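Read the figures in this text as sums done on the coordinates, not as results from a lab. For clarity, every value in this text was computed on a predicted model and none was experimentally measured. Here the Cβ positions follow ideal geometry from the backbone for every residue, glycine too, while neighbour counts run over all protein chains shown.
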Amino acid sequence: MKLEAVMLTDVGVVREHNEDAVFVDPAGRFFIVADGMGGHAAGEVASGMAVETVRKTLEAATGLIDAFAERVTDNARKALVQLLQSAVLAAHQAVFQRGSKERDKEGMGTTLDVVLVAGREAFVAHVGDSRTYLIRDKKAAQLTTDHTVAEVLVIEGKLTIEEALVSPYRNVLVNAIGVAESVGVEMAHLQLKEGDQILLCSDGLHDYFLVEQELADILVAEAPAQAIAKMIDAAKERGGHDNITGIVITVHELREAVPVLVENESTQPVDVSNPATWSEDEATESLSPRDLDQLGSSFAMRKVVSDAATRPTAPMIAPVPGPPEPSAAELAALDATDPALPVVAPPADPPSNPDLTEVATAVTLPPPVRAALGVEDTGPQPSAAPSATAGSDD
């Protein structure tokens, strides 16, 4: 496989400090964007801690990632889902614990988007209102949902998309790293195609591209490094109210993974204890359950019809509480219930004009979300840097 990744971050026009954090794995296995929040530089600490925690967790499991790239099995896919979700939960716990111990860090938190690439597949973990987009065949599709009050109200039919764009609730988070006792980790999974591009970005970038097709047009017209620089320049020219960060991943070549029959394969997810809670900050707020009750937000799962190429935002699902950590007995039984895995056929090329409910197949979505999207329950269930480039060529 041959990937190219370019990242760039900028303080913007209004802010004095950059509270975004970004990381690109030199081997091209995973990519991280976090947008911190909290006064007195606490946001910078929160985003940095989250990125560092996820980085360390995934770097400790590169063997698992590489093994899946070589041998596609159902259990290996389950293990990657659990690994990615556990890395995010570990980041959540780390940020809260420091915020609860240091008074000047109290209330800090961060958004977090992580993309893990293994073989011909990509796994996305998302918390907050940073975004991950897929650009395929000159069209853009938003793969993540903004975990904001405005987005929930759109999904519930209480706001139109146009109203949400100017709503006072558009930057009020209902889910973020450290926000509640149990953070919701939104997961998505897609089969990659040569020529695909994935864009991870903070809201300081996507807030100024209300029609996401404009992002695709820039990436089609420019080389990745020039494209991300052009996006950031445009965001600054249009206001630059926040820090601006983006990563562009380009898939140049894909190698066929060899599907195999594996017996007695074990899954070893990272052990993460239960996370705790934190409160709101000055710029991006977090609402209490009582506040949400007053707004009438029930977090009901409803299917959202989307035209990914033209709509200003393309929500996929509403934010939901994360699934509980599996017990030791459940983990031990994982392979006992599936002792002999079937041969996994090489994936077919995805559709040229992806629909979000297709590219984000239910492999990594929680059961309530799969039910809401009307997708069959056939997959496993998951329980500030300068410009740089990285890639893998094996």
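Under the combined filter of DSSP loop state and at most 14 neighbouring Cβ atoms within 10 Å, region 158-206 retains these GluC sites (Glu not before Pro): E181, E194.
Kirkwood radius for region 72-120, taken over all pairs of different Cα atoms as the inverse mean of 1/r, rounds to 12.8 Å. In this simple spin-label model, placing a label point 7 Å from the Cα along the Cα-to-Cβ direction at both V220 and E162 gives a separation of 2.5 nm. Per residue, the convex hull spanned by the alpha carbons of region 1-156 comes to 152 Å³. Here S182, S202, S86 are placed in order of increasing Cβ neighbour count within 10 Å, fewest first, which gives S182, S86, S202. Can you pull the one-decimal nm distance between simple spin-label points at E16 and L210, each 7 Å off the Cα toward Cβ? Each label point lies 7 Å from its Cα, and together they span 3.2 nm. Here the dipole of region 48-191 is about 280 debye; that uses its Cα centre as origin and unit charges on the Cβ of Lys and Arg (positive) and Asp and Glu (negative). For V11, neighbours were defined as the other residues whose beta-carbon sits under 10 Å from its Cβ, and their charges (Lys and Arg +1, Asp and Glu -1) total -3. In a DSSP loop and with at most 14 other Cβ atoms within 10 Å, the GluC sites (Glu not before Pro) in region 8-99 are E16.
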